[in-house]
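Notes follow the structure.
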Amino acid sequence: MRPASPQELGRWDELVAANPDGGQILQTRAWGEFKRAHRWAPHYLLSESDPNVAILMLQHSVPGLGVLGYVPKGPGVARTEALPAVIDGLRATAGSTFAIKVEPEIEQSAEAVSALRSMGLEKSRHDVQISRATIIVDLRPGESAMLASFKPKSRYNIRLAQRHGVTVAPVALDDASIDTMYSLMASTRDRAGFTLRSRAYFAGYWNLHAAAGQGQLFFASLDGEILAGVFATYIGKRAWYKDGGSTKEHAAVMAPHLLQWEVMRWLKARGVEAYDLVAVPPAAELNASHPLYGLYRFKSGFTEHITEYVGTWDLPIHRRRYGAWNAVAERAAHQWAYRVRHDLLY
């Protein structure tokens, strides 16, 4: 494990896209530099194990304990067999780090859990991401085959929106479009009751990803009125439904269904093969009382299969300090971030 050279840093996203997992948007240069402004210092590392893996590790200083490391949605391996050498490399270069959080996109199974524990990893008390389960739409088939794979109700809603005259278009990022998108998200928050970070937070990474050619804003409109928006991110052959929102006005025209379909078509035309809709309940928790169940009902219209990853795991480096983090410091850090900076910790 070593730091990336200036030349390698210059083509960092190319290296990330070549990772065995196909690349992850939260491992990109844009995400690392964005998080730098939010008290997480990015470190760009290369594991020279077989296979080679480009790793973004964020580091956050914790008074009295040292440094907490976090590898968001990484390291980018695809199999548990490839992970031990990478974990050993992170451990060997830890320095003043008391623990490192990792969340490789390895699918959940008893065998995967056993393998992670054998590497000295411990399951985090809480997953950093909103959910370790997701729905991924395969964009490789032709458009007719893709539509045919959707649930009948979703196909009907897409066509209904078209008949009503809903239109979808990619939109340039500027103050006006950012204001509109954030307003759509706030409207959804008010109806659903979830936590929404500041406009400045979203604008920061939207602009960085768009400038890197890794993000695009889309609006769905009816007679000039914007009803719904999506910010999608992408790298290599993978894409993510990063943010979305809609108004409660004209809900009967089903604008969000057509919006997602047009986003998929736009991504497919650019060579993307997998569209990750992000954040649904794990299959074992699939019931109407789950806070993400409403999202599941919408997203499962495009494919029902739930992919569940292992989630966030901790690599303790200094056992005593790691114990103090779990016992007291993490909760205090969350409270400080929320009360002082009006933000979330991670």
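The values are calculated or read from the model by the stated rules, or taken from the named source; none is laboratory data. Since this is a predicted model, take the numbers as computed values, not measurements. In this analysis, Cβ positions are derived from the backbone assuming ideal geometry, glycine residues included, and neighbour counts consider all displayed protein chains. Heads up: the accessible areas ignore ligands, DNA and RNA and are worked out on the full protein's heavy atoms, side chains in. Shrake-Rupley method; radii C 1.70, N 1.55, O 1.52, S 1.80 Å.
Conditions (1) touching a Leu at 6+ places or on another chain (Cβ under 8 Å); (2) open to solvent by less than 40 Å² (accessible area, probe 1.4 Å); (3) closer than 20 Å to Glu105 by Cβ; (4) of a type in the set (Asp, Glu), marked per residue:
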site	(1), (2), (3), (4)
Lys35	yes, yes, yes, no
Leu46	yes, yes, yes, no
Asp50	no, no, yes, yes
Ala54	yes, yes, yes, no
Met57	yes, yes, yes, no
His60	yes, yes, no, no
Leu68	no, yes, no, no
Lys73	yes, yes, yes, no
Gly76	no, yes, yes, no
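For the stretch 310-337, enumerate the residues that are open to solvent by 70 Å² or more (accessible area, probe 1.4 Å) and either under 21 Å from the mean Cα position of the chain (by Cα) or more than 27 Å from Ala200 (Cα to Cα) (or both).
Arg319, Arg320, Ala327, Val328, His334
Does any residue in the stretch 236-252 that is surrounded by fewer than 21 Cβ atoms within 10 Å (Cβ to Cβ) come within less than 8 Å, Cβ to Cβ, of a residue that is assigned to a strand (DSSP E or B) and acidic (Asp, Glu) six or more places away or on a different chain, and which pairs are these?
From residues that are surrounded by fewer than 21 Cβ atoms within 10 Å (Cβ to Cβ), the pairs are Glu249/Glu225; His250/Glu225.
Which residues, counting only those in the stretch 261-270, are in a helix (DSSP H, G or I), farther than 9 Å from Val168 by Cβ and either touching a strand residue (DSSP E or B) at 6+ places or on another chain (Cβ under 8 Å) or modelled with pLDDT under 95 (or both)?
Met264, Leu267
Wholly within the stretch 1-105, which helices (runs of 4 or more DSSP H) include no fewer than the required count, namely at least 3 residues that are of a type outside the set (S, T, N, Q) and in contact (Cβ under 8 Å) with a residue 12 or more places away in the chain?
Values: elements: 6-10, 12-17, 29-36, 83-92.
Fully inside the stretch 1-105 and qualifying: 12-17, 29-36, 83-92.
Would you point out the residue of the stretch 138-152, among those that are hydrophobic (A, V, I, L, M, F, W, C) and either over 18 Å from Gly294 (Cα atoms) or without any contact (Cβ under 8 Å) to a residue 40 or more places away in the chain (or both), that is surrounded by the most Cβ atoms within 10 Å (Cβ to Cβ)?
Leu139
Does Met264 satisfy being open to solvent by less than 20 Å² (accessible area, probe 1.4 Å), closer than 19 Å to Leu147 by Cβ and in contact (Cβ under 8 Å) with a residue 12 or more places away in the chain?
For Met264, the condition - open to solvent by less than 20 Å² (accessible area, probe 1.4 Å), closer than 19 Å to Leu147 by Cβ and in contact (Cβ under 8 Å) with a residue 12 or more places away in the chain - is met.
Please count how many residues of the stretch 192-213 are part of a loop (DSSP other than H, G, I, E, B), in contact with a helix residue (DSSP H, G or I) (Cβ under 8 Å, 6 or more places away or on another chain) and farther than 25 Å from Leu292 by Cβ.
1
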